[in-house]
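Visitor: Handing you a structure now.
The values are calculated or read from the model by the stated rules, or taken from the named source; none is laboratory data. Every value quoted in this text rests on a predicted model; they were computed, and no experiment measured them. Glycine also receives a Cβ, built like all others from the backbone with ideal geometry; neighbour counts cover every protein chain displayed. Ligands, DNA and RNA are excluded from the accessible area calculation, which covers all protein heavy atoms including side chains. Shrake-Rupley method; radii C 1.70, N 1.55, O 1.52, S 1.80 Å.
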Amino acid sequence: MTKIGEWVEVCTSDAIAPEEAMRFSQGERSFAIIRSLEGNFFAIDGHCSHEKVHLADGIVDGNIIECPKHFGTFDYRTGEARALPACVDLRRYEIKVDSNVVFIKI
């Protein structure tokens, strides 16, 4: 069982290409892990706050991830909802890369 505030291994850093997202689940929780064009990693809640569709199936463009169902958008750096129908911000999580391994703090 994962403790709150614990770092959890996600994947190797080369498992996510720039401007792509991957789904990561830990217990009953799901996250979207995004790699920016610059190579930085970000993590937000995995499901769109509008209709619970997984964002890892959406499009990453610049600093935005778009929900694949109704095209609501979020700034993946902050979790901020940026375009309707998404209007509730997502939680952002800390990410670190150590020895080519990506970790999320959950």
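Visitor: Can you tell me which of (1) touching a residue at least 24 places away in the same chain (Cβ under 8 Å); (2) in contact with a Phe, Trp or Tyr (Cβ under 9 Å, 6 or more places away or on another chain) is the one HIS50 doesn't meet?
Guide: Evaluating HIS50 over (1) touching a residue at least 24 places away in the same chain (Cβ under 8 Å); (2) in contact with a Phe, Trp or Tyr (Cβ under 9 Å, 6 or more places away or on another chain) leaves (2) as the failure.
Visitor: Out of all the residues in segment 45-65, is one or more touching a Pro at 6+ places or on another chain (Cβ under 6 Å) and within 19 Å of ILE106 (Cβ to Cβ)?
Guide: Within segment 45-65 (the criterion being touching a Pro at 6+ places or on another chain (Cβ under 6 Å) and within 19 Å of ILE106 (Cβ to Cβ)), the answer is no, since none of the residues qualifies.
Visitor: With the condition kept exactly as written, say whether any residue in segment 44-54 is open to solvent by 60 Å² or more (accessible area, probe 1.4 Å), at pLDDT 95 or above, outside any strand (DSSP E or B) and among the charged types (D, E, K, R).
Guide: No.
Visitor: Follow-up. When you check GLY72 against the structure, is it out of contact with any Leu (no Cβ under 7 Å at 6 or more places or on another chain) and either modelled with pLDDT under 95 or open to solvent by 20 Å² or more (accessible area, probe 1.4 Å) (or both), yes or no? Reasoning before the result, please.
Guide: Numbers: out of contact with any Leu (no Cβ under 7 Å at 6 or more places or on another chain): no; either modelled with pLDDT under 95 or open to solvent by 20 Å² or more (accessible area, probe 1.4 Å) (or both): yes.
The answer is no for GLY72.
Visitor: When you scan segment 8-37, how many residues do you find that are modelled with pLDDT under 95 and either of a type in the set (Phe, Trp, Tyr) or exposed (fewer than 11 other Cβ atoms within 10 Å of the Cβ) (or both)?
Guide: Final tally of qualifying residues: 2.
Visitor: Which one of these does GLU94 not meet: (1) more than 14 Å from the chain's Cα centre (by Cα); (2) open to solvent by 30 Å² or more (accessible area, probe 1.4 Å)?
Guide: Of the numbered conditions (1) more than 14 Å from the chain's Cα centre (by Cα); (2) open to solvent by 30 Å² or more (accessible area, probe 1.4 Å), the odd one out for GLU94 is (1).
Visitor: Anything in segment 18-43 that is under 17 Å from LYS3 (Cβ atoms) and either without any contact (Cβ under 8 Å) to a residue 12 or more places away in the chain or not in a strand (DSSP E or B) (or both)? List them, or say none.
Guide: Of everything in segment 18-43, those that are under 17 Å from LYS3 (Cβ atoms) and either without any contact (Cβ under 8 Å) to a residue 12 or more places away in the chain or not in a strand (DSSP E or B) (or both) turn out to be GLY27, GLU28.
Visitor: Within segment 55-65, which residues are in a strand (DSSP E or B) and in contact with a strand residue (DSSP E or B) (Cβ under 8 Å, 6 or more places away or on another chain)?
Guide: Answer for segment 55-65, where residues must be in a strand (DSSP E or B) and in contact with a strand residue (DSSP E or B) (Cβ under 8 Å, 6 or more places away or on another chain): ILE59, VAL60, ILE64, ILE65.
Visitor: Further question on the same structure: Among (1) modelled with pLDDT under 95; (2) more than 26 Å from ILE4 (Cβ to Cβ); (3) out of contact with any helix residue (DSSP H, G or I) (no Cβ under 8 Å at 6 or more places or on another chain), there is one condition VAL60 misses while meeting the rest; what is its number?
Guide: (1)
Visitor: Separate question: Considering segment 66-102 alone, what residues qualify as being in contact with a Pro (Cβ under 7 Å, 6 or more places away or on another chain) and either free of Cβ contacts under 8 Å to residues at least 24 places away in the same chain or not in a loop (DSSP other than H, G, I, E, B) (or both)?
Guide: Hit for segment 66-102 is HIS70, nothing else.
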